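A.B. asks: Here it is, the structure, as structure tokens.
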Amino acid sequence: MATAQQTTSTGAVEQFDAVVIGAGVAGLYQLYRLRELGLSVRCFEDGSGVGGTWYWNRYPGCRFDSESETYGYSWSKELLQEWNWKEHYSGQPENEQYLNFVADKFNLRPNIQFNSRVKSAVYDEKANRWDVQLENGKRAQSQFVVSAAGILSSRYTPPFSGVESFKGLSFHTSRWPKEKVDFTGKRVAVIGTGATAVQLIPIIAKEVGHLTVFQRTPNYCAPLRNGQVSPETQQLWKANYDKIHQRIRETPAAFMHDFDPRNTFDVPKEERLARYEELWAQPGFSKWLANFHDIMTSREANEDFAEFVRNKIRARVKNPAVAELLCPKDHPFGSKRIPLETEYYEAYNRDNVLLVDVRNAPIEAITPKGIKTTEKEYEFDVIIYATGFDAITGALTSMDIRGEGGQTLKDKWANKGLSTYLGLQTAGFPNFFIATNAAFCNYTVCAESIVEWITDCIRYVREKGYKRIAATPQAEEAWVEHANELGSHTLLSDAKSWFMGANIPGKKRAILLYANTAPAYRAKCSEVAAKGYEGFQLQ
Ligand code: NA7
């Protein structure tokens, strides 16, 4: 479809049927599907290349915690046969290569504008079109906007005083320099011990002169047990992708794991421990997602496994005081994302690694020389912020998105917290879709179904001759109530995690991911579509 252009005082305002924000896993597929539908589409990407998460997070050790054979796109049989995964839990460089391979194979680049951060999107109610402005002042207009800006892309750096005064090198893990950082002989600090830090620490511990890890909350980290993919396994996957995809569409979180239907305490102690050991020996999230099904709902059942994990930590860390500091005791197992690790705990057995507890002696300030806690000042050459993300909402509220009546999304969510209908739209913002994973789910699997739902919805709107589709406030309210109710039956609210928005000071605390199974979420979305987009107003 040809692209019309209008000339305005700020230059050419390009006209599209749809704008997609972000060229990561969801954005690339969304672009492909909308283009296939015959729409004129422009994808705006902040980075200079495709990949999203796998473009920005270049820190050493960054990799999937999903099984590689489940993470790749399932929508092209050809692609599945052409791509070979090297590792069972593939690393960032290869993941970025994969998404570049996809962009080239499907000739997506002509529709992507790189180095283009979206600053604002304003809805014109009369024209039923969005006016999208980039940081560089350029503008585009479109009937539909799909945000595929990611769930963990808006980085969070705690507002320590003096951050700018530090004389050494400092960066957030999601803005890791593209060129290799030489840590030889350097005094390095890592702030944070979430999944990112847990991947990074064991690798750089071997490279640095000295490493100091500032930990506020220890996590239950479980062995990843990664390995190279043999040619035989590769062939087996290729021959069985249909079965693999069918299986992950049936499991609760779209991984190759399914909960054990038994209650923890219905299984005698000896048998239970044997089962825990069996799970521990397996790779990936099996310790979490193939555990007894009440692990996420019963505090007693959860504590039984939590203590098993603590004992695993105690057995690996030589200094008992350090081991105890690394043992989580203030939240249930799985109430925060379980970091999967390789030699993480062994890093603390090294002479050049120091663990500093900032729960009892918090960081007060960053100084020109390093980090000052309430107890003492530490000197560094490099400070690494592994301090996480303003998850789910941050990528959207960091843009100035204005819907009907000039209402901003930032204000709406500041007052109400995250409020959407199905995670796909928010009332008052017609024709604006959110293509991010709204359920607890293996990312690509769920992103694919969301992208397909949005594509079908846009097709429906156009075919029926409507100009706009908007979630009704009533449908949104009922969905938020239902999602909160579901979340309240789990142990998730017992932890200060990004799942609950609790990692960001001042952010409204509420469950940000839909705590139902992925198949149930998909079924609900399909049902809404089958009923002529029930809960949406079409005009
Ligand atoms: P996370 O899991 O949010 O971890 C951030 C870490 O930063 C965590 O240990 C925080 O401690 C720590 N943090 C944050 N603010 C501070 C201050 N002020 N002082 C000390 N420490 C602080 O982010 P990740 O990047 O590791 O992982 C995010 C997701 O990416 C992960 O779940 C996977 O899905 C992929 P806290 O726990 O809040 O006490």
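A.B. asks: Wholly within the range 194-293, which helices (runs of 4 or more DSSP H) include no fewer than the required count, namely at least 3 residues that are open to solvent by 10 Å² or more (accessible area, probe 1.4 Å), without any contact (Cβ under 8 Å) to a residue 60 or more places away in the chain and within 29 Å of residue 305 (Cα to Cα)?
C.D. replies: 269-281
A.B. asks: If I ask for residues that are more than 8 Å from the ligand (Cβ to nearest atom) and within 21 Å of the chain's Cα centre (by Cα), which ones from the range 206-223 would you list?
C.D. replies: 218, 220, 221, 222, 223
A.B. asks: While we're looking at this one, here's another question. Using the structure shown, decide if residue 384 is open to solvent by less than 10 Å² (accessible area, probe 1.4 Å), more than 12 Å from the ligand (Cβ to nearest atom) and part of a strand (DSSP E or B).
C.D. replies: It is false that residue 384 is open to solvent by less than 10 Å² (accessible area, probe 1.4 Å), more than 12 Å from the ligand (Cβ to nearest atom) and part of a strand (DSSP E or B).
A.B. asks: Still on this structure: Residue under question is residue 55, and the condition is that it be over 25 Å from residue 257 (Cβ atoms), part of a helix (DSSP H, G or I), within 16 Å of the ligand (Cβ to nearest atom) and not hydrophobic (A, V, I, L, M, F, W, C); does it hold?
C.D. replies: The answer is yes for residue 55.
A.B. asks: Here's something else I'd like to know. Does any residue in the range 294-310 that is assigned to a loop (DSSP other than H, G, I, E, B) come within less than 9 Å, Cβ to Cβ, of a residue that is among the hydroxyl-bearing types (Ser, Thr, Tyr) six or more places away or on a different chain, and which pairs are these?
C.D. replies: Every condition considered, the pairs that remain are 297/490; 298/264.
A.B. asks: For the range 399-417, which residues satisfy the criterion of being assigned to a loop (DSSP other than H, G, I, E, B), surrounded by 17 or more Cβ atoms within 10 Å (Cβ to Cβ) and modelled with pLDDT of 95 or more?
C.D. replies: 399, 403
A.B. asks: Considering only residues of the range 483-520 that are closer than 12 Å to residue 419 by Cα and out of contact with any helix residue (DSSP H, G or I) (no Cβ under 9 Å at 6 or more places or on another chain), which is least open to solvent (accessible area, probe 1.4 Å)?
C.D. replies: The extreme case among them is 483.
A.B. asks: Mind checking whether some residue in the range 174-186 is in contact (Cβ under 8 Å) with a residue 24 or more places away in the chain, within 16 Å of the ligand (Cβ to nearest atom) and not polar (S, T, N, Q)?
C.D. replies: yes
A.B. asks: If residue 477 meets every condition in (1) within 17 Å of the chain's Cα centre (by Cα); (2) more than 24 Å from residue 247 (Cβ to Cβ) apart from one, which number is that one?
C.D. replies: With respect to (1) within 17 Å of the chain's Cα centre (by Cα); (2) more than 24 Å from residue 247 (Cβ to Cβ), residue 477 is out only on (1).
A.B. asks: Exactly one condition in (1) of a type outside the set (A, V, I, L, M, F, W, C); (2) crowded, with 18+ Cβ neighbours inside 10 Å; (3) touching a residue at least 40 places away in the same chain (Cβ under 8 Å) is not met by residue 165; state its number.
C.D. replies: (2)
The values are calculated or read from the model by the stated rules, or taken from the named source; none is laboratory data. Not measured: the values here are computed from a predicted model. Virtual Cβ from ideal backbone geometry, glycine too; neighbours counted across all protein chains shown. Ligands, DNA and RNA are excluded from the accessible area calculation, which covers all protein heavy atoms including side chains. Shrake-Rupley method; radii C 1.70, N 1.55, O 1.52, S 1.80 Å.
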